[in-house]
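Data first, discussion second: the structure below is written as structure tokens.
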Amino acid sequence: MPAIYEGAVQDLIDEFGELPGIGPKSAQRMAFHVLSADTAAVERLIEALRAVKAKVRFCETCGNIAEAPQCGICLDPRRDSRVICVVEEPKDVVAIERTREYRGLYHVLGGAIDPINGVGPDDLRMRELFARVAGVEEIILATDPDVVGEATAAYLTRMLRSMEVPVSRLASGLPVGSDLEYADEVTLGRAFEGRRRVED
């Protein structure tokens with residue numbers, strides 16, 4: 001959409017348009033919502049943005065979002081430390097936690113292997129994962145069921161097998177080509193229950 005507004009309004013539309021999943025019309029609606037909101041609401045939004053940049057970091061152990069060196073899941077003594085579920089992004093942790101089917105720990109890669117966009121294994125938190133596998137009884141690969149997610153799972157399977165770590169993959173039922181975060185709780189829960197050991 002060509003720029004039809006001037007100055008600050010167009011700048012705001014442009015900034016909203018840079019957000020993932022936000023098209024030109026949505027960016028325009030968001031900008032006009034901010035424009036019509038009262039000053040207190042806008043100040044709360046500004047403060048929330050500042051706070052998230054100032055306080056939120058990534059867990060030193062698993063890579064999930066946290067406001068301390070470690071996230072709440074890693075610090076929870078009730079979690080099963082013998083099982084690690086590998087996901088691409090922190091949003092996937094939220095999707096899996098909603099199922100209430102999983103009580104182990106997580107490892108967030110920070111993306112997937114995507115050679116077309118210049119993302120290789122060294123760009124992800126794979127070394128950190130390999131450093132955690134001592135004493136682990138199962139690694140569950142829960143990367144997205146799309147091309148890059150499957151390539152990432154295949155690479156991890158190969159590497160983890162060489163370290164003699166048992167590897168499983170979420171069962172079918174997740175739609176191919178979609179993101180894990182969009183799967184409903186029932187589908188994702190069944191995928192966990194039906195996960196399979198990765199074989200040669």
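Bear in mind these aren't lab numbers, they're just calculated from the coordinates by the rules spelled out. Quantities reported herein were computed from a predicted structural model and do not represent experimental measurements. Note: ideal-geometry Cβ built from the backbone for every residue, glycine included; neighbour counts use all protein chains shown.
Give me K55, K91 sorted ascending by neighbouring Cβ count inside 10 Å, so fewest comes first.
K55, K91
Per residue of segment 100-116, what does 6.51 cos²θ - 1.76 cosθ + 1.60 with θ = phi - 60° give for ³J(HN,Hα)? Whole Hz please, x for Gly and Pro, Karplus curve as stated.
Couplings: 6, 9, 10, 10, x, 9, 10, 9, 9, 6, x, x, 9, 5, 8, x, 4 Hz.
Can you give the charge dipole size of the chain about its Cα centre, rounded to the nearest 20 debye, using +1 on the beta carbon of Lys and Arg and -1 on the beta carbon of Asp and Glu?
620 debye
Take the alpha carbon gyration tensor of segment 7-55, find the square roots of its eigenvalues, order them as a ≥ b ≥ c, and report rounded if a/c is under 1.5; if not, report prolate when a/b exceeds b/c, else oblate.
It is oblate, given that a/c is not under 1.5 and a/b is not larger than b/c.
In straight Cα distance, which lysines are under 20 Å from K91, not counting same-chain residues fewer than 8 positions off?
Partners found: K53, K55.
Near the amide H of H107, under 5 Å away, which other amide H atoms are found, from residues 5 or more places off or on another chain, if H is placed in the peptide plane?
C85, V86, V87
Let me check I have the definition right: for the chain, take the eigenvalues of the Cα gyration tensor, multiply each by 5, take square roots. What are those semi-axes in whole Å, largest first?
Rounded to whole Å, the semi-axes are 36, 20, 16.
Using a 10 angstrom cutoff on alpha carbons, build the Gaussian network for the chain and name the most mobile of A131, A95, A183.
Per the Cα network of the chain with a 10 Å cutoff, A131 tops the list.
Got a sec? How would Y5, Y155, Y106 order by Cβ neighbour count within 10 Å, fewest to most?
Placing the least packed residue first, the sequence is Y5, Y155, Y106.
What is the distance in Å between the Cα centres of segment 149-170 and segment 39-99?
That distance is 25 Å.
Could you give me the ³J(HN,Hα) list for segment 140-148, computed from phi with Karplus coefficients 6.51, -1.76, 1.60 and θ = phi - 60°, whole Hz, x at Gly and Pro?
So the J values, rounded to whole Hz, are 9, 8, 10, 6, 4, x, 10, 4, 6.
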